[in-house]
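Read through the structure below, which is laid out as structure tokens, and then see the notes.
The values are calculated or read from the model by the stated rules, or taken from the named source; none is laboratory data. The shown structure was predicted, so the numbers you read here are calculated from the model rather than taken from an experiment. Ideal geometry is used to build each Cβ from the backbone, glycine not excepted, and the neighbour counts take in all protein chains shown. Heads up: the accessible areas ignore ligands, DNA and RNA and are worked out on the full protein's heavy atoms, side chains in. Shrake-Rupley method; radii C 1.70, N 1.55, O 1.52, S 1.80 Å.
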Amino acid sequence: MLKNSFIEINKNNLINNLNNITTKYGDYDYYFGVVKSNCYGHDYMIINTLIENGINYLAVADISEALLIRNYNKDIPILILEPIDINELDTCINNNLTLSIADMDNYNKLSLTGKKIKFHLKIDSGMHRLGFNNKEEINTIVNNKNNLELEGIFSHFSTEADEYFRKQIKNFEYLTSDIDLSKIKIVHMGNSAALIKAEKIPFCNGIRTGLSMYGFFDDNKETFNLKCKILQIKNVSGDDLISYGAKVKLNHDGKIAILPLGYSDGIPRVNVGRNVTINNKLYKIIAMCMNMTIIEIDNNVKINDIVTFIGDKTDVSYVSKYTNLEPYEVLAMINPRIERKFI
């Protein structure tokens, strides 16, 4: 645990976002909370808050993430989005996990085990990542009656509510046109952007919500605040050369503060030049190292002041725009060793 930095998760904002998702946007039977990558950097401690506020299915990248979640909740259904290794099947069964099957080879290996487990059939409707795009193979799997229980069919969008988005819906409809989707328990294709920016897809009764749970859409509110303590404050002259490379200087007499966060904590050096917030005032990052960051300050900053590295005036949206990184990247990169707590 890193002692001089911490992350505050705004619980009220999280609940506000979940209420918006489940009451304002669409009418679904299944609201999947996408909680891969440590809940987009928020930590698995938020799991039960999600469940208490309308999320009734979770989705993760791999089995290791699913098993971490089982430490917090034993009962919530969990869909593993990536294919599993056949050697992991018993662990999935013992922990009541749902598989994604995205190709015929994986399907055949799992069916030959004779072991019963639920799965969702992944359709490649145009993203050209994981999934089936062969209609005959899809029909074969749907019509097979064996140990594998088909619970759901799903796909994923490449874009947001544009012409290609609509093309993917048509591709999905074509690939599943020989199937009575009303007889499939769960059909889910949409994500946060589809939920909020597009009309409800008629044949879907499930929606996957990721970024919208954590803010970033309409009146949803950001939930993530990265803060730290100041390690040291020092006076420097205008010609003093600061940090690695001996190239940075203030060009005037002033003060700098050293902070206990760096690129090893998931904050890449493209953050140099942007601001942090101290006492509701902005201060510029002038250099960044592996474990430390240097900012220029003034006489209003004191050693015990808390620095908001991400949040307030310098929130995730601001950092995303400055660094040209998606909000997903900003959040997912933050070191999981930094303590998370609800406020």
For Thr23 and Met127, calculate 0.36 nm times their separation in residues minus their Cα-Cα distance, and state this gained length in nm to one decimal.
34.5 nm
Between Met104 and Asn171, what is the label-point separation in nm under the 7 Å Cα-to-beta-carbon projection?
1.9 nm
Total Lys pairs in the stretch 95-190 closer than 15 Å by alpha-carbon, pairs eight or more apart in sequence or interchain only?
9
Using a simple charge model, +1 on the beta-carbon of Lys and Arg, -1 on the beta-carbon of Asp and Glu, nothing else, what dipole does the stretch 95-176 show about its Cα centre, in debye to the nearest 20?
300 debye
So the angle from the long Cα axis of helix 11-23 to the longest Cα principal axis of the chain, reported in degrees to the nearest 10, equals 30 degrees
When ranked by the protection proxy of mean other Cβ atoms within 10 Å per residue, highest first, what sequence do the peptides 184-197, 121-134 form?
184-197, 121-134
For the charge dipole of the stretch 114-205, defined by +1 on Lys and Arg C-beta atoms and -1 on Asp and Glu C-beta atoms about the Cα centroid, which residue among Ser155, Ile141, Pro202 has the Cα displaced farthest towards the positive pole?
Ile141
For Val270 and Glu199 in one chain, what is 0.36 nm times their gap in residues minus the Cα-Cα distance, to one decimal in nm?
21.9 nm
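So what is the relative contact order for the stretch 210-260, in percent, with contacts set as C-alpha pairs under 8 Å and at least six apart?
Averaging sequence separation for qualifying contacts and normalising by length gives 33 percent for the stretch 210-260.
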How high is the relative contact order of the chain, given as a whole-number percent (alpha carbon pairs under 8 Å, six or more residues apart)?
20 percent
With all protein chains present, the chain has a carbon and sulfur share of its accessible area (1.4 Å probe) in percent of 46 percent
Nearest-0.05 FRET efficiency for Ile93 and Asn56 at R0 = 25 Å, using Cβ-Cβ distance, is 0.75
Within the under-12-Å Cβ sphere about Ile343, not counting Ile343, Lys/Arg +1 and Asp/Glu -1 give a net charge of +3
Check which residues have an amide H placed less than 5 Å from Phe132's amide H, if you skip close sequence neighbours.
Lys122, Ile123, Asp124
With charges set only on the Cβ (+1 for Lys and Arg, -1 for Asp and Glu), what does the dipole of the chain come to about its Cα centre, in debye to the nearest 20?
780 debye
Please say if the stretch 68-195 is rounded, prolate or oblate, where rounded means a/c under 1.5 for a ≥ b ≥ c the square roots of the C-alpha gyration tensor eigenvalues, and otherwise the choice is prolate for a/b larger than b/c and oblate otherwise?
oblate
Label-point gap, in nm, between Asn134 and Asp180 - each point 7 angstrom along Cα→Cβ
2.7 nm
Does the chain come out rounded, prolate or oblate by the C-alpha gyration tensor, with a ≥ b ≥ c the root eigenvalues, rounded set by a/c under 1.5 and, if not, prolate when a/b is larger than b/c and oblate if not?
prolate
What Kirkwood radius, in Å to one decimal, follows from the Cα pairs of the stretch 244-343?
14.2 Å
With springs only between Cα atoms under 10 Å, which of Asn324, Asn271, Asn38 fluctuates most in a Gaussian network model of the chain?
Asn324
Need one word for the stretch 1-112: rounded, prolate or oblate. Basis is the Cα gyration tensor (sqrt eigenvalues a ≥ b ≥ c); a/c below 1.5 gives rounded, then a/b vs b/c decides.
oblate
Partner lysines for Lys284 [C-alpha distance under 26 Å; skip if fewer than 8 residues away on the same chain]
Lys3, Lys221, Lys227, Lys229, Lys234, Lys247, Lys249, Lys255, Lys302, Lys313, Lys321
For the stretch 63-141, calculate the relative contact order in percent as a whole number, restricting contacts to Cα pairs under 8 Å that are 6 or more residues apart.
24 percent
I'd like the distance between the alpha-carbon centres of the stretch 266-343 and the stretch 159-226, rounded to an integer number of Å.
32 Å
How much length, in nm to one decimal, is gained on full extension between Asn12 and Glu326, taken as 0.36 nm per residue of separation minus their Cα-Cα distance?
110.6 nm
